[in-house]
Structure formats: C-alpha cells, structure tokens
Amino acid sequence: MYKYDEYDQRIVNERVAQFRDQTRRYLAGELGEDEFKPLRLQNGLYIQRYAPMLRVAVPYGLLGSAQIRKLAHIARTYDKGYAHVSTRQNFQFNWPELKNVPDILAELAEVEMHAIQTSGNCIRNVTTDQFAGIAPDETVDPRPLAEIIRQCSTFHPEFALLPRKFKIAVTGAREDRAVLQMHDVGLELFRNPAGELRIKVWVGGGLGRTPILGSVLHEELPWQHILTYIEAIVRVYNLHGRRDNSYKARIKILVKALGIEEFKRQVEAEWAFQKEGPNTVTQAELDRVARNFTAPDYAALADADAGFEAKLAEEKGFANWVKRNVHAHKQPGYRAVTLSLKVTGIAPGDITDRQLDIVADLADKYSFGELRTSHEQNIILSDVKLGDLYALWQEARAAGLATPNIGLITDIICCPGGSFCDLANAKSIPIAESIQRLFDDLDYQHDIGDIELNISGCMNSCGHHHVGHIGVLGVDKNESEWYQVSIGGKQGNDASLGDVIGPSFAADEVAGVVKRLIDVYLENRTPEERFIDTVRRIGHVPFKARVYADRQPGKQKVEA
Amino acid sequence: MSNLIKLQNGTATIVAEDAWQIVRVPVGEVEVKKQAGKVVLFKLTGAESATPEQVAATVVPAGKVLLPLSVFLARRAEFASRLAAGEVGVWLETHELVETLVAAQAELNVFPLIAVFIERFADGRAYSMASLLRSRYGFKGELRALGDVLRDQLFFMKRCGFDAFDIRADRSAEDALASLQDFSEPYQGATVIEQPLWRRHAR
Ligand code: SF4
C-alpha cells in the first residue's frame, strides 16, 4: 500500500474543495455545460444514460481494507448498493447524484482516495502489473516509478488539456500483464547486464476505432530520466496531436502520421532541452517513494503445507478453485488469490456493498488487510498463507466470491455497455450472461481451459475486445444492436489484435457463435494447446467456415 | 470595465487601464470545416492564419499595439522604430508555432508583451507555448492569455508562465482571482515553481 504524506493529503483535500466549488457554480448556472465537462471528467464523472457515473482511482489496483469499507459505505449511502470494477482496475459507481459527488470525494479523501484524472483528455492514472511486488517473475517492482510518474502527472500544468486521453502503463516482470503495447506510453523496466535499472519505452499503442500496438521509442532509457523523457513525448503530442477530430486525436495517430523515426527525432530534440532538468529523479527520491509502499510483515514459511495438500486431494471443488484462482507468490508459503466477480447472472465486475464488507474482512483476516483489483475485473487478496487457503475458500464461497473460473470462458471481460453507457452501440452485459449460461458446466469450462473473452459495447473498446482471444463488439446496424466477433487477439508479450470473422450477429446468436468457435478448437487442439494457440496454428478459415456454414444472411440464424 | 488580471510579484490584481490595442486582421472568407456534421473547432498546427491580402489590409493604429504574428512577420520593417520604442507586442494563435516567431526574431525581449489567443478554452496547446516562451526562449515580459480565458484554467496557465489573463468578457474577473490559488504545493516542477515538491521540501 502507498501511504500518503501530508502533501499528498493536502493536494487531494484541495481538489475536493476545488471540485465542490465547480459543482456549485455549475448547479447555480454560472458554469456552462461545455465548460463543466472537462472539469467533471477529470474528476472521473461522466453523465451517463440514466445517471452520472463516478470512476474512483485505484492506483496500481492496490487497496486496503479501510478503503474497501469506505467504498462499501459509498455504495450503500450514495448508490444502489453496488460498485463495479473497471477494466483499468478502478472502481465505478453507476448511480450517484451530481450534487452528492463533492461529498463522496470528501469521504474518499478520508481514506487516501480520489477520482483525479480517471477520465478526460489528460494523463490518466498510471497502471501496472496487478501482481506488482508479489509476482515471482518480477525483476523490478514497478510501483515506485509508477508513483513518481503519477505524482508528476497529477495536475501537470502543461498537460491538463491534451488532444485526447493519455494512458501510461509500467511493468517490471518477464510476462507483460499490464498490456504495455495497448497504451499511449508503455514502460518496461529491466536490469541491464551491469545491473542498472533501464526502461524500454513503447509509444503509440491504443485500441478504439483504430487499434494499433505500440512501437519501441527507446530501447534503454536510464530510469533517472523517466519524467523528462515522458514530458518530452507529451509536449510533442500536446503541440502537434490532432485536435480537429477526436477519432484521430490519440498519440498513436500522430506517431503513425509522422512515422516512428520522425516522431523519435522530435522527441529527442525536445528532450535535449529538458534532460537533467529539475524533474530528473534521484536515487534518494526513488528510495523515499519505495518506502511509502509498505510491505506486509511476512512470516518465514516453508513453501508447502500438509493440511493444504490433504484438502487438495480430498475436495475436488477446492482443487478446482486452487487450480484457477490461486497464483504463485514470490514469498515462500504465500499465494495470491483471485475472488471472482464473474458469477452468471451478475454483470462482470459488479460487487455489492455487503460483499465489499466481506472482502474487507477476508483481507483483514487472511491478507494483511491488503487487496487488489485486476484488469480482468476481479479482486485479488495479495498475500494469503498456504495454510489459510482452505478456510478462505469456504468463507469466500459462502459469499458468492469463489467461482473457480479465473482465466476460463466465463471469466468474461465486459464493459458496462448499453445498460449504462451513453456511448454504447449495443448492450454488452446480457451478451456476457448468455455466454456464461451456455458454458455454465464447470467441467466443460475446465476442459476448454485458458481463454480470454472480451466484450465492448462500442468502438471505444473499454472491454478491450481487440485483444480478446475471442472479441465481441457491439455495432449499430439500422438502429438495432448487432455484434461483430473477432478471434486471434491476445495481450501479453506476444500481443496481437484480433481479426473479425465476418458479418455481424444478432444478440441471441452470439453465444451460439462462441460455442461453434469452441467446438472447432476442441476438435483440432493438440493436448497442450490453448484456444489462442490453435487459432494461431490452423488459422481463421476453419472457424469461419463452421460459424457461417448454414448461415444465409438475414435468414438462418446461428443456433446454439 | 477591464477584465484583465495581472500577476505582479505573486499578487494578482485587476488592472483598470490597459494601453495595449489588440490588432486583428480584417475578417475574410471564413471556411467552415465540418466533421460528421459538426463544426470543427480547432485549427491544426501549421494552418494559415490569414491570407496575404488580409495581412496587407490590416489597419495598425498609433500607440501600443499587439500585432497578429502574421502581420508582424510580413510587415515588420514598418514597425522597426516602434519596436525599438517598446510599443509593439505580438500575439499568436494556438495553431501557430512559437518557433516561427523565434526564427524571425530571436531575441524575444524586444517585446514588452506577447499574447496567446485561445479560441477554445479546451485547447491546451497554449500551455506548452507559454512554457516554451518562458523556459526555452527566455521571454521575461508580460505573457498574456486572450480569448476564451476562464477561471478554472488559470492555475495551470499561471504555472506555465502566463502572468496576465484577459478573462472572457461575460465572466467576473473578481471571482476568477480565487482560482489562481487552487493548489498550494504542486507535485511537479514546471515553468513557474521549477523544482518538484520533493526538492522543495523534505518529504
Ligand atoms: S466500450 Fe463503449 S459502450 Fe462500452 S463502456 Fe466504453 S464507451 Fe461505453
């Protein structure tokens, strides 16, 4: 957990006061709709289909139990008794009233939380690997540098009104779980052969209407220059990014238009002036920030536990859960545990106030009071003793939080879509539910194995459908809701963007289409292949052929 | 009534009198660009501001004048003595480049005043332009924000080096003063307050 000092707290408090005044002026008619819009967005406040939506920042997905209890309290007091984990690890409330938002922000400030820059055309809150600090394959803990970037970008005066949103992700592990190439800037921390901390800088990735994976801008940036280098990138973007068309305003379009070589030349020319400036980071500052990330007081344990092994052999349900929901940890004798928020019939990522309180209790009891949100929209207890897993499983199961489906087909990543979002072309939550129902059988799910299925309600791609092994995108055709299906997308080190398999489908067809895709996989897979591997080996043709086999446009629907 | 706020030695006041006259090129054919039926609000970097005819037809009065960049560039010979007398300032639009001005006039401190005209308050290019004028090109005179200048952007403008703010006519400059104080200890180093928080205070 990052602990605030007096300055962090003061900045957040001043923000609450500022936004309270802005909201007052807006409600009093002193501030126009257009003028208020960027102000509220930079406090995470959207005006949605039915009510405002407030997006609360969860930096690096790290939360303490007191913060979770506060979120439960807010859900109960100001909302309809639930909250939602977003695909960027933040918490969202779907039903707050605008006039109450300053009070909500004040309540959040009491537990060192805020909604700063969770939306709007600014540098968004920085994300990292959800297992940062506990992953066994981690070479550098990305959180201190990510926090240094967060502080620099918080109310950065020069970059408060960029052409479009700007997202930065940082990772220090061998496996890229932060999806660097999907970000405006992706930072890969590593140590060179001399043991020095270096950064590989990626630029110009992004999903949306024009999905592009990032390109390498710098192979080996010394970490001290992290801020000045980012400032050089953002300055070039701020001055030269397009502002005449919001679909062409992301940095990826500028990088593509200039070409990575010319873009790099401009950044380097800009950086030459700023390099070694006051924002150059020192070892002392890095160490200071690192100290503010408190580490749990781990016990010295063996990495085995007889009681755990016995339960594993005895109970298949427990074994299934361990197989899917329990993850390796760098501290011997500890594991990270995912509490699934993907229960059939409940919108992916939704959690009730009651469950939030239970999660907080579980964290206190089993995980040093610490937990995390994942970009797959689940909650992770980060530091659980092996010997406690069985007891935790029983309690989590009673609370409906132990569905053993992490990484399986029902662990769907899904944006709020047309049920809430104003920009949607189509609903996404009912599609997720129809797929979850069709694949409800757990043995079947485990047989299918690792797969990522992502759903977005429109081209803004909040559900990251481009990088889903199966991606579903809501499209608008003659004022009705249709769905485009793609396969072959993947996040991680060997990221790829999915290809659309053909004409789109009606809502009631989508689950059947997914079933056919899975059938082709099951018939063709080799024993060690995951869905994505089979797609990559045999190509799209067999999948397309099966899906469209008996389909005559407009007549025969695909049936499950 | 003036709506001009000036910062002097850290104190902001509304100034009653301002001798500078803002010179504009005569209105020509306005090309309305549309995208998906909506009027495009931003000009791209590198777009032409005015035609040679408009520049030539621009009337420049006697006294202190704030010239459009295009007029200064095309007709600077006319203003040599007035420039030496400190009666000429220049204003840029946000799609114009600071580098264009610097290429024509490397020493910016011949101008007592440079202004950036912000057509839409959401156009953050003005922030980078101010930062460049101050920190890279060493401009020490008055740096004024013109146009769609609203109180909720003032704190950022101040930190980028603007020290004069011509608040949009339909808004109260008096009310706007408060927003200059929105934050007491910003995190990052920038043009104004160059040192980041951790270099200013022991944290
Ligand atoms: S992808 Fe579209 S529909 Fe879904 S949340 Fe984002 S903007 Fe809304």
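Summary of values
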| read-out | value |
| --- | --- |
| Count - residues of the range A:138-165 that are aliphatic (A, V, I, L, M) and within 8 Å of chain B (Cβ to nearest Cβ) | 3 |
| Checklist (1) touching a helix residue (DSSP H, G or I) at 6+ places or on another chain (Cβ under 9 Å); (2) within 30 Å of A:Lys490 (Cα to Cα) applied to A:Ala173, failing item | (1) |
| Residue in the range B:29-49 that is away from every other protein chain (no Cβ under 14 Å), part of a strand (DSSP E or B) and either in contact (Cβ under 8 Å) with a residue 60 or more places away in the chain or touching a helix residue (DSSP H, G or I) at 6+ places or on another chain (Cβ under 9 Å) (or both) present | no |
| Among the candidates A:Ile11, A:Ile68, A:Ile104, residue that is of a type in the set (Val, Ile, Thr), within 13 Å of another protein chain (Cβ to nearest Cβ) and crowded, with 18+ Cβ neighbours inside 10 Å | A:Ile11 |
| Single residue of A:Glu315, A:Glu262, A:Glu276, A:Glu309 found to be at positive phi and among the acidic types (Asp, Glu) | A:Glu276 |
| Boolean, A:Gly44 is away from chain B (no Cβ under 13 Å), surrounded by 21 or more Cβ atoms within 10 Å (Cβ to Cβ), over 30 Å from A:Ala424 (Cβ atoms) and not β-branched (Val, Ile, Thr) | no |
| Some residue of the range B:95-106 being among the aliphatic types (A, V, I, L, M) and farther than 24 Å from B:Ala47 by Cα | no |
| Residue ranges of strands (runs of 3 or more DSSP E) in the range A:179-282 with at least 2 members exposed (fewer than 15 other Cβ atoms within 10 Å of the Cβ) and away from every other protein chain (no Cβ under 14 Å) | A:215-222 |
| Residue count for the range A:420-452, restricted to those that are more than 11 Å from the ligand (Cβ to nearest atom) and either farther than 23 Å from A:Lys167 by Cα or without any contact (Cβ under 8 Å) to a residue 40 or more places away in the chain (or both) | 22 |
| Residue in the range A:287-329 that is surrounded by the most Cβ atoms within 10 Å (Cβ to Cβ), counting only those that are part of a helix (DSSP H, G or I) and among the aromatic types (Phe, Trp, Tyr) | A:Trp321 |
| Unique residue being among the polar types (S, T, N, Q), away from the ligand (no atom under 12 Å from the Cβ) and over 28 Å from A:Arg525 (Cα atoms) when the list is A:Ser480, A:Ser461 | A:Ser480 |
| Qualifying position, being free of Cβ contacts under 8 Å to residues at least 60 places away in the same chain and under 20 Å from A:Glu395 (Cα atoms), among A:Val322, A:Val337 | A:Val337 |
| Residue count, the range A:161-178 (criterion: at pLDDT 95 or above and surrounded by fewer than 22 Cβ atoms within 10 Å (Cβ to Cβ)) | 2 |
| Meets criteria (under 17 Å from the mean Cα position of the chain (by Cα) and of a type in the set (Val, Ile, Thr)) for B:Ile193 | no |
| Sole exception among (1) buried (at least 19 other Cβ atoms within 10 Å of the Cβ); (2) away from the ligand (no atom under 11 Å from the Cβ); (3) at pLDDT 95 or above for A:Ile455, by number | (2) |
| Any hit, the range A:8-26, residues being touching a residue at least 12 places away in the same chain (Cβ under 8 Å) and acidic (Asp, Glu) | yes |
| Strands (runs of 3 or more DSSP E) (entirely within the range A:76-175) containing at least 1 residues that are touching a strand residue (DSSP E or B) at 6+ places or on another chain (Cβ under 8 Å) and within 19 Å of A:Gln48 (Cα to Cα) | A:82-85, A:91-93 |
| Among (1) more than 10 Å from chain A (Cβ to nearest Cβ); (2) modelled with pLDDT under 95; (3) more than 13 Å from the chain's Cα centre (by Cα) - the single one B:Gln181 does not satisfy | (1) |
| Odd one out for A:Tyr4 among (1) within 14 Å of another protein chain (Cβ to nearest Cβ); (2) more than 27 Å from B:Asp170 (Cβ to Cβ); (3) not in a loop (DSSP other than H, G, I, E, B) | (3) |
| Of all residues making up the range A:370-412, the number that are at pLDDT 95 or above and within 16 Å of the ligand (Cβ to nearest atom) | 1 |
| Residue satisfying condition, being within 30 Å of A:Val126 (Cβ to Cβ) and touching a strand residue (DSSP E or B) at 6+ places or on another chain (Cβ under 8 Å), within set A:Leu386, A:Leu401 | A:Leu401 |
| Options B:Arg82, B:Arg75: the member that is more than 19 Å from B:Ser49 (Cβ to Cβ), basic (Lys, Arg) and at pLDDT 95 or above | B:Arg82 |
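The values are calculated or read from the model by the stated rules, or taken from the named source; none is laboratory data. These numbers were taken from a predicted model, which means no experiment stands behind them. Every residue, glycine as well, gets a Cβ built from its backbone with ideal geometry; the counts of neighbours run over all protein chains shown.
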